[in-house]
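Comments concern the structure below.
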Amino acid sequence: MWLLVIHFMLYFVSSYQQFPRLCATREALLTKECCPPWEGDGSPCGTSSGRGFCQDVEVPDQPDGPQYPFSGLDDREKWPLVFYNRTCQCAGNFMGFNCGDCKFGFFGQNCNERRESVRRNIFHLSRAERIRLVSYLNLAKQTVSRDYVVVTGTYREMENGSNPLFADVSVYDVFVWMHYYVSRNALLGGPGNVWTNVDFGHWAPAFLPWHRVYLLHWEHEIRKLTGDMSFTIPYWDWRDAQECEVCTDELMGARNLQDPNLLSPGSVFSSWKVNTLKAEDYNNRGVLCDAKEEGPLRRNPGNHNRALVQRLPTSADVEFTLNLPNYDTGAMDRSANMSFRNTLEGFGDPQTGLGNSSRLGMHAALHVFMNGSMSSVQGSANDPIFLLHHAFVDSIYEQWLRRHTPSPSQYPESNAPIGHNSEYHMVPFLPLHRNREYFISSKDLGYEYSYLLDFLTFKNKKTNY
């Protein structure tokens, strides 16, 4: 009953990423200014209260790699300049599209309370905590975002801002759409005219920082939606797993006995409808996804292409990957050899470290193994397993950062594939984040992983003994 009450109270709720509704107007697009007022004082960016101010957006001029040989064709280039050249610059510990929120790890009305959250193994949650997790996910899926909309047309189709093209979606689907938008093919003009060798959040150095920010915003959004400020995303430790251990009706949904490609009717997720999964259709028509429903969530774990993925990653695969000392190498794409990022992402062989592997491993192997909605890069975030999976991938990233303590210069300043240089603003986040800002420990962002805490405690005990 309590969940039903919350649902009606929060049918339209705040969120903190993508296109702010107040900036999705003809006036905002024509002036290219996204500096909405903070509700606390009514001034743009909370200027009157010292929270921030409206400022010109500065984008880097460092050269990109050769993978995307175009300029001025894709709305994501030099993000967010196609849409806005002035946004809120927040002061101190304030954050958000209008500086109305706190930076990650800070809480309280004045954002001066620092707290560390702990992400836990999903199998260590109590039964009540598991029920609450599923309820929160479903609430996010059923609740329309009050503050954000998603873009359904290119800036050119909007007649350079004169005809805004946006759609309402749920809180959950804002994040589904974001993952689609960052990874979609570039539309070069006209049906079927696309460039496939481009991805502003995958296949290159920003893969790990981008998904780190994505999870932090998602976690924060659930806290805002439910009022549960202690909520953290649990992780699924899939090392050495032989099957989809989280595919039960108590958790992410069991297999449907009547149709193995669907979820059990005993799971709330069996009623979920997906979007962003018809990439080939969008490309053929030369359009963006319109955010409409495209059928049920699909999953058939283990019945995948064995020539592409033999098995789920092992503990040995993870340890080999963690021991690679270089964050990224060479062209810093899927061909990178002995690259921690490329090997963890799944395009480097987790036994040899060589790039362009004929078989996918690590992160990518899990996506293929799920054999359904999660196996599409652009539509994978439709499946809630995506969150548990990427939380564990992020924990491996965190282990590597602690083990190797890289200098900031290890993150490339130039010549990475477009969208991945250190100073590039992450697509399509508003508020703006630069890639280099998340090449730091999770502890500096206010969160920890329970199994890393356990390891640290064990290590300290051995040292003291």
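The values are calculated or read from the model by the stated rules, or taken from the named source; none is laboratory data. In this text, all values refer to a predicted model and were calculated from it rather than measured experimentally. All Cβ positions, even for glycine, are placed from backbone atoms using ideal geometry, and neighbour counts span all protein chains on display. Heads up: the accessible areas ignore ligands, DNA and RNA and are worked out on the full protein's heavy atoms, side chains in. Shrake-Rupley method; radii C 1.70, N 1.55, O 1.52, S 1.80 Å.
Worth pointing out:
- Residue, surrounded by the most Cβ atoms within 10 Å (Cβ to Cβ), within the range 17-31, restricted to residues that are over 21 Å from GLU423 (Cα atoms) and not hydrophobic (A, V, I, L, M, F, W, C): PRO20
- Residues in the range 396-439 that are assigned to a helix (DSSP H, G or I) and either buried (at least 20 other Cβ atoms within 10 Å of the Cβ) or not polar (S, T, N, Q) (or both): 13 in all.
- Residues considered: ARG298, ARG255. Of these, the only one that is surrounded by 15 or more Cβ atoms within 10 Å (Cβ to Cβ) and under 21 Å from the mean Cα position of the chain (by Cα) is ARG298.
- Yes/no for ALA381 being crowded, with 23+ Cβ neighbours inside 10 Å and in contact with a strand residue (DSSP E or B) (Cβ under 6 Å, 6 or more places away or on another chain): no
- Of everything listed in (1) open to solvent by less than 20 Å² (accessible area, probe 1.4 Å); (2) under 24 Å from GLU116 (Cα atoms); (3) assigned to a helix (DSSP H, G or I), the single unmet condition for VAL134 is (1).
- Counting only residues that are part of a loop (DSSP other than H, G, I, E, B) and open to solvent by less than 10 Å² (accessible area, probe 1.4 Å), the range 440-456 holds 1 of them.
- Pairs linking a residue in the range 250-264 that is touching a residue at least 24 places away in the same chain (Cβ under 8 Å) and closer than 19 Å to LEU388 by Cα to a residue that is part of a loop (DSSP other than H, G, I, E, B) and among the β-branched types (Val, Ile, Thr), with Cβ atoms under 7 Å and 6 or more positions apart or on different chains, are MET252/VAL246.
- Some residue of the range 221-233 being open to solvent by 20 Å² or more (accessible area, probe 1.4 Å), in a strand (DSSP E or B) and more than 30 Å from THR25 (Cβ to Cβ): no
- Qualifying positions in the range 332-367 - aliphatic (A, V, I, L, M) and crowded, with 19+ Cβ neighbours inside 10 Å: MET332, ALA336, LEU344, LEU360, MET362, ALA364, ALA365, LEU366
- Apart from one condition, VAL150 fits all of (1) β-branched (Val, Ile, Thr); (2) farther than 30 Å from GLY190 by Cβ; (3) surrounded by 15 or more Cβ atoms within 10 Å (Cβ to Cβ); the exception is (2).
- Qualifying residue in the range 281-288 (condition: in a loop (DSSP other than H, G, I, E, B) and more than 20 Å from the chain's Cα centre (by Cα)): yes
- Tally of residues being β-branched (Val, Ile, Thr) and in contact with a Ser or Thr (Cβ under 9 Å, 6 or more places away or on another chain) across the range 168-197: 4
- Test: GLY192 is surrounded by fewer than 15 Cβ atoms within 10 Å (Cβ to Cβ) and of a type outside the set (S, T, N, Q): yes
- Residue match in the range 264-276 (condition: of a type in the set (Ser, Thr, Tyr) and open to solvent by 50 Å² or more (accessible area, probe 1.4 Å)): yes
- The residues of the range 146-166 that are under 22 Å from PRO384 (Cα atoms) and modelled with pLDDT of 95 or more, listed by number, are VAL149, VAL150.
- Long-range neighbours under 9 Å by Cβ, at least six apart or interchain, first residue within 21 Å of HIS425 (Cα to Cα) within the range 401-413, second at pLDDT 95 or above and among the charged types (D, E, K, R): PRO408/ARG436; GLN410/ASP328; TYR411/ASP328; TYR411/ARG436; PRO412/ASP328; GLU413/GLU423; GLU413/ARG436
- Scanning the range 121-128 finds one or more residues that are in a loop (DSSP other than H, G, I, E, B) and either within 19 Å of PHE231 (Cα to Cα) or open to solvent by less than 30 Å² (accessible area, probe 1.4 Å) (or both).
- Leading residue by the ranking (farthest from SER395 (Cα to Cα)) among those in the range 305-330 that are open to solvent by less than 20 Å² (accessible area, probe 1.4 Å) and not polar (S, T, N, Q): VAL309
- The set of residues in the range 368-378 being closer than 21 Å to ASN185 by Cα and open to solvent by 10 Å² or more (accessible area, probe 1.4 Å) consists of VAL368, GLY372, SER375, SER376, VAL377, GLN378.
- Those residues of the range 87-116 which are touching a residue at least 12 places away in the same chain (Cβ under 8 Å), surrounded by 20 or more Cβ atoms within 10 Å (Cβ to Cβ) and in a strand (DSSP E or B), in sequence order: THR87, CYS88, CYS90, PHE94, MET95, ASP101
- Some residue of the range 64-74 being at pLDDT 95 or above, in contact with a strand residue (DSSP E or B) (Cβ under 8 Å, 6 or more places away or on another chain) and not aromatic (Phe, Trp, Tyr): yes
- Looking only at residues in the range 49-86 that are among the small types (Gly, Ala, Ser) and part of a loop (DSSP other than H, G, I, E, B), the one that is farthest from PRO417 (Cα to Cα) is GLY50.
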